[in-house]
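Some notes on the structure that comes next.
The values are calculated or read from the model by the stated rules, or taken from the named source; none is laboratory data. Quantities reported herein were computed from a predicted structural model and do not represent experimental measurements. Cβ sites come from the backbone with ideal geometry, for glycine too, and all protein chains shown count toward neighbours.
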Amino acid sequence: MDTFSLPEADFGAQEVPGLPELSQRAAAVRGCASAGLTLAEELAAAAPYPGQGRTKRLWSILATVAAADLTAARSVEPHLDALAILEQAGTSADPGTWGVFAAEGPGTELTATPVAGGWELSGRKPWCSLASSLDHAVVTAHTGAGRRRAFAVDLRQAAVTPVPGTWISRGLADVDSGPVDFASAAARPVGDDNWYLRRPGFAWGGIGVAACWYGGAAGVARRMFSAAQEREPDQIAHLLLGRADARLQAARAALDSAAAAVDAGRAEGRDGALLAQRVRGIVADAAAEVLTLADHGLGPGPLALEEDHARRTADLRIYLRQHHAERDFAALGRSLLQGGGAPW
């Protein structure tokens, strides 16, 4: 199957030669997760790994897909992230679609136990996006004494059971992200204990998610721009559009700078963690404000009467909750104080 030719470029399909075709194909997903996973498999051959000199290209791909359809982005981003994790660990990736299940939740715990010939996972894992549709996933589990380890798991085995009827979200409605039960499921280790969280790619993957938030916000802002072209905008419409542009430009600059830092080797260890916290906060705030500005500028019409806009705004609101708002900013403040001197 043909792959996309995507040269180095900045964020946003309108300015990136080679990305308009990708934008059109992502738009055709129209909220269908199975179509998003098909696109994810096709993109895997064209998308570079982060930290290997083309991180900006990778995040441009994610942003372009997200600007067109956030269900497509929510299918593509974890697939590419899983392949990058396996590559970083020097572990082969079996053919098929991949996800990453690394969330933790109160009252649930997934444990890993060594057995003859390998490992087994038992327990419940929360927030497992598209578990019933994927072939494989990188799954984190507890190995004892506060340690966690990543494992490659074939989700098609009988010992893996997605819990039905738990996903009622109106945003990303087709991206079922409910819990999964594991009953002595066979698993293959990916890295050593705690490697998953210590590796530089953990921070880079978090910024890749922010690239999707940026793309989704750009898609919302484009509807504001088209509305201003459809009829003569008043001063308030000009103000709202200008504020949206300023926030998106700041988010875009943060992503651009972060991509350069990753490829220059300046985003590892504590530096990488701080960079991810900062960029995710900047982009999440920008996207949240763009949603509010669009609501104020466009009124109820597009939300009530336009399928694409209504779906995009609902999708982006739930996607943004991967950023934990005030708690993540508190974590950033704590990290800054632990570093010693003032960072500015």
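Listed values, structure above:
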quantity	calculated
Only listed residue being within 25 Å of Arg30 (Cα to Cα) and either surrounded by fewer than 21 Cβ atoms within 10 Å (Cβ to Cβ) or in contact with a strand residue (DSSP E or B) (Cβ under 6 Å, 6 or more places away or on another chain) (or both), chosen from Ala102, Ala82, Ala93, Ala152	Ala82
Boolean, Ala183 is surrounded by fewer than 15 Cβ atoms within 10 Å (Cβ to Cβ) and among the small types (Gly, Ala, Ser)	yes
Pair list, Cβ < 9 Å and 6+ apart or interchain, from the stretch 292-321 residues that are farther than 19 Å from Ala211 by Cβ to residues that are surrounded by 17 or more Cβ atoms within 10 Å (Cβ to Cβ) and among the acidic types (Asp, Glu)	Asp308/Asp69; Arg311/Asp69
In the stretch 79-112, the residues that are closer than 17 Å to Ser184 by Cα, touching a residue at least 60 places away in the same chain (Cβ under 8 Å) and among the polar types (S, T, N, Q)	Thr108
Index of the failed condition, Thr113 passing every other in (1) closer than 24 Å to Arg74 by Cβ; (2) at pLDDT 95 or above; (3) of a type outside the set (Gly, Ala, Ser)	(1)
Single match in Trp195, Trp204 (criterion: surrounded by fewer than 19 Cβ atoms within 10 Å (Cβ to Cβ) and of a type in the set (Phe, Trp, Tyr))	Trp195
Of residues in the stretch 227-277 being charged (D, E, K, R) and free of Cβ contacts under 8 Å to residues at least 24 places away in the same chain, the one nearest to Leu332 (Cα to Cα)	Asp271
Single residue of the stretch 287-344 satisfying the filter (among the acidic types (Asp, Glu) and out of contact with any helix residue (DSSP H, G or I) (no Cβ under 9 Å at 6 or more places or on another chain)) that is surrounded by the fewest Cβ atoms within 10 Å (Cβ to Cβ)	Glu326
Count - residues of the stretch 41-57 that are in contact with a Phe, Trp or Tyr (Cβ under 8 Å, 6 or more places away or on another chain), under 24 Å from Phe151 (Cα atoms) and aliphatic (A, V, I, L, M)	1
Yes/no for Phe225 being out of contact with any Gly (no Cβ under 7 Å at 6 or more places or on another chain) and under 19 Å from Ala141 (Cα atoms)	no
